[in-house]
Amino acid sequence: MNSLTKFLIIALCFTLAVTHNANAEEGVALIIGNNDYESIPSLNNAENDAQDIANKLKELGWKIILEKNATRRNLNKALQRFESEALNTKKTIIFYAGHGIEYLGKNYIIPTDSLLESELDLRFEAISVDELLETV
């Protein structure tokens, strides 16, 4: 398990623990599950993990933005919707299941249509976790 995955799981667990007894209808969650990649190995359970998290948060009253097998464009559109919804809420969560990479101390999530031929491609083909955190 890479450091990005560990970070996101810890962040999700912490957020769920903090909001379990809170008024959850004020929350919005961006849930992403990427299994089917075009140029890197596919995964088996990322979509299922994302769906399970989305179902549970919806059950708790959260508004859900769910993306499965998201391209870079789809992820950017979902981030825009999430940011718009987050302006009117007190609680936010981003959950990501899929490939990620760390390079020079920065973490990135990998859209399904990314073509990473060198580390220089990260800026244009992947999405920085810092960008996700800024949105939150």
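Before moving on, here are some points about what is shown:
- ASN35 vs. criteria modelled with pLDDT of 95 or more and in a loop (DSSP other than H, G, I, E, B): yes
- Within the stretch 38-50, tally of residues that are more than 15 Å from THR112 (Cβ to Cβ) and under 12 Å from the mean Cα position of the chain (by Cα): 1
- The set of residues in the stretch 68-100 that are without any contact (Cβ under 8 Å) to a residue 40 or more places away in the chain and closer than 21 Å to ASN44 by Cα comprises LYS68, ASN74.
- Pairs where the first residue, in the stretch 33-45, is in contact (Cβ under 8 Å) with a residue 12 or more places away in the chain and the second is hydrophobic (A, V, I, L, M, F, W, C) and exposed (fewer than 13 other Cβ atoms within 10 Å of the Cβ), C-beta under 7 Å, 6+ apart: SER39/LEU115
Yes/no matrix, rows are residues, columns are (1) surrounded by 13 or more Cβ atoms within 10 Å (Cβ to Cβ); (2) of a type in the set (Phe, Trp, Tyr):
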{"site": "ASP49", "(1), (2)": "yes, no"}
{"site": "GLU59", "(1), (2)": "no, no"}
{"site": "PHE82", "(1), (2)": "yes, yes"}
{"site": "PRO111", "(1), (2)": "yes, no"}
{"site": "SER128", "(1), (2)": "yes, no"}
{"site": "GLU134", "(1), (2)": "no, no"}
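- LEU12 vs. criteria within 21 Å of ASP130 (Cα to Cα), modelled with pLDDT under 95, touching a Phe, Trp or Tyr at 6+ places or on another chain (Cβ under 6 Å) and of a type outside the set (S, T, N, Q): yes
The values are calculated or read from the model by the stated rules, or taken from the named source; none is laboratory data. Since we're looking at a predicted model, the values are computed, not measured. Note that we place each Cβ from the backbone using ideal geometry, even for glycine, and neighbour counts take in every protein chain shown.
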